[in-house]
1. With the condition kept exactly as written, say whether any residue in the stretch 251-262 is over 16 Å from the mean Cα position of the chain (by Cα), assigned to a loop (DSSP other than H, G, I, E, B) and not assigned by TED's automatic domain parsing to the domain that holds residue 49.
2. Mind counting the residues in the stretch 60-74 that are without any contact (Cβ under 8 Å) to a residue 24 or more places away in the chain and not in a helix (DSSP H, G or I)?
3. So residue 127 clears everything in (1) in contact (Cβ under 8 Å) with a residue 60 or more places away in the chain; (2) surrounded by 20 or more Cβ atoms within 10 Å (Cβ to Cβ) except one condition, right? Which one?
4. Might you let me know whether the stretch 107-126 holds any residue that is within 30 Å of residue 275 (Cα to Cα) and either under 21 Å from the mean Cα position of the chain (by Cα) or not in a loop (DSSP other than H, G, I, E, B) (or both)?
5. For the stretch 278-376, list the strands (runs of 3 or more DSSP E) that sit wholly inside it and hold at least 1 residues that are in contact (Cβ under 8 Å) with a residue 40 or more places away in the chain; which are they?
6. Of the residues that sit in the stretch 263-277 and are of a type in the set (A, V, I, L, M) and part of a loop (DSSP other than H, G, I, E, B), which one is surrounded by the most Cβ atoms within 10 Å (Cβ to Cβ)?
7. Which of the residues belonging to the stretch 89-106 are in a helix (DSSP H, G or I) and touching a helix residue (DSSP H, G or I) at 6+ places or on another chain (Cβ under 9 Å)?
8. For the stretch 172-192, which positions are of a type outside the set (Lys, Arg), more than 15 Å from residue 221 (Cα to Cα) and without any contact (Cβ under 8 Å) to a residue 40 or more places away in the chain?
Amino acid sequence: MDYQKIPSPCFVLDEQAFRKNLELIKSVKERAGIEIILAFKAFALWSVFPIVREYIPCSTASSLAEARLAYEEMGNKAHTYCPAYTNKEFSEIMAFSSHITFNSLNQFQHYYPQTQFDNISCGLRINPEFSDVETDLYNPCAPGSRLGVVADLLDEKLPEGVEGLHFHTLCESSSFDLEKTLKVVEEKFGKYFSQIKWLNMGGGHLLTREGYDVEHLIQLLKTFKTKYPHLQLILEPGSAFAWRTGVLVSSVVDIVENNGIRTAMLDVSFACHMPDCLEMPYKPAIVGATDAIAGKPTYRMGGNSCLSGDFIGDWSFDKELKIGDKIIFQDMIHYTLVKTTMFNGVSHPSIGIWTTENEFKLMKEFGYEDYKNRMS
């Protein structure tokens with residue numbers, strides 16, 4: 001990828017890396033004999049859905065907007081799960097959904113009667129009250145979680161009309177984390193497996209990460225299918241599709257110094273364009289930079305919003321930075337584009353693709369009207 005040919009700021013998807021991930025995901029799907037569907041909550045760049053459909057045809061939605069996007073741009077009805085449905089939106093959600101999972105028994109009882117005439121398969125989200133996720137912000141099984149039905153709330157028989165169960169306990173996790181979760185799910189909810197048609201194992205399966213034990217995942221799923229051959233098994237990763245498939249290209253627009261700390265002021269914002277860096281928090285990788293090394297040119301990276309905490313640091317470079325230098329943030333496609341904001345009305349990065357023909361293709365630019373139309 002020739003960064004000098006890319007405008008700044010811009011999110012850029014590397015088509016070759018994206019296809020490599022898709023090939024692996026499709027291989028796991030076929031070898032394990034399961035369904036893998038794309039979770040829009042992590043990646044919803046619909047301009048490349050035609051590429052996705054070459055490998056994986058279906059998707060999962062967490063809102064009316066995502067369900068409609070699945071129907072219009074993926075060409076399939078979605079597997080939909082919302083933490084809370086509303087009367088205002090539910091009829092439209094049904095129109096765009098093949099499966100609907102309910103977060104509570106109360107929601108299921110309220111809405112299930114409406115689904116019986118639309119050939120929709122209904123399920124319940126369960127909470128096994130077990131997860132290895134250490135960051136509470138991303139742990140759906142933390143004590144007091146509002147997500148999913150715990151085993152104590154279920155009778156010996158599932159409510160009539162429940163055709164599937166759905167759990168989600170992982171976040172950028174391994175197949176061994178899934179193995180531990182499956183053991184708990186089987187212990188707490190296995191008695192219901194004979195009553196259902198499908199089991200959705202949620203997202204967080206980072207099977208495209210270097211070092212992920214794909215063979216263990218396939219064997220784990222095959223073994224589980226052998227025990228419960230009537231169950232359709234579903235995985236819905238999001239990050240795995242777009243993991244390390246692109247960058248955020250930015251530029252240094254100023255350099256300021258305070259109390260010996262030099263900050264490279266950028267034309268992007270961590271708060272607006274890379275929110276997980278502040279929420280998680282985590283320090284993203286920058287091309288050509290390292291963690292701070294004594295004696296080397298070292299800078300904090302500063303965002304262009306007026307939020308005082310809109311910065312991440314520190315990085316060292318081989319030479320002094322100057323205004324106009326490109327700063328390339330790696331792995332900025334999953335859970336970035338879907339979470340960006342227009343706080344402060346800061347310039348929003350464009351979106352482009354670096355194609356397999358080794359060319360840059362600009363897909364989307366943002367301007368004043370995009371900001372204005374979010375307001376009233």
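1. yes
2. Selection size over the stretch 60-74: 2.
3. Condition not satisfied by residue 127: (1).
4. Yes: one or more hits.
5. Answer list for the stretch 278-376: 298-302, 311-317, 326-330, 350-354, 360-364.
6. In this case the residue turns out to be 268.
7. 89, 90, 91, 92, 93, 94, 95, 105, listed by residue number.
8. Hits for the stretch 172-192 are 187, 190, 192.
The values are calculated or read from the model by the stated rules, or taken from the named source; none is laboratory data. No experiment lies behind these values; they were computed from the predicted model shown. Glycine also receives a Cβ, built like all others from the backbone with ideal geometry; neighbour counts cover every protein chain displayed.
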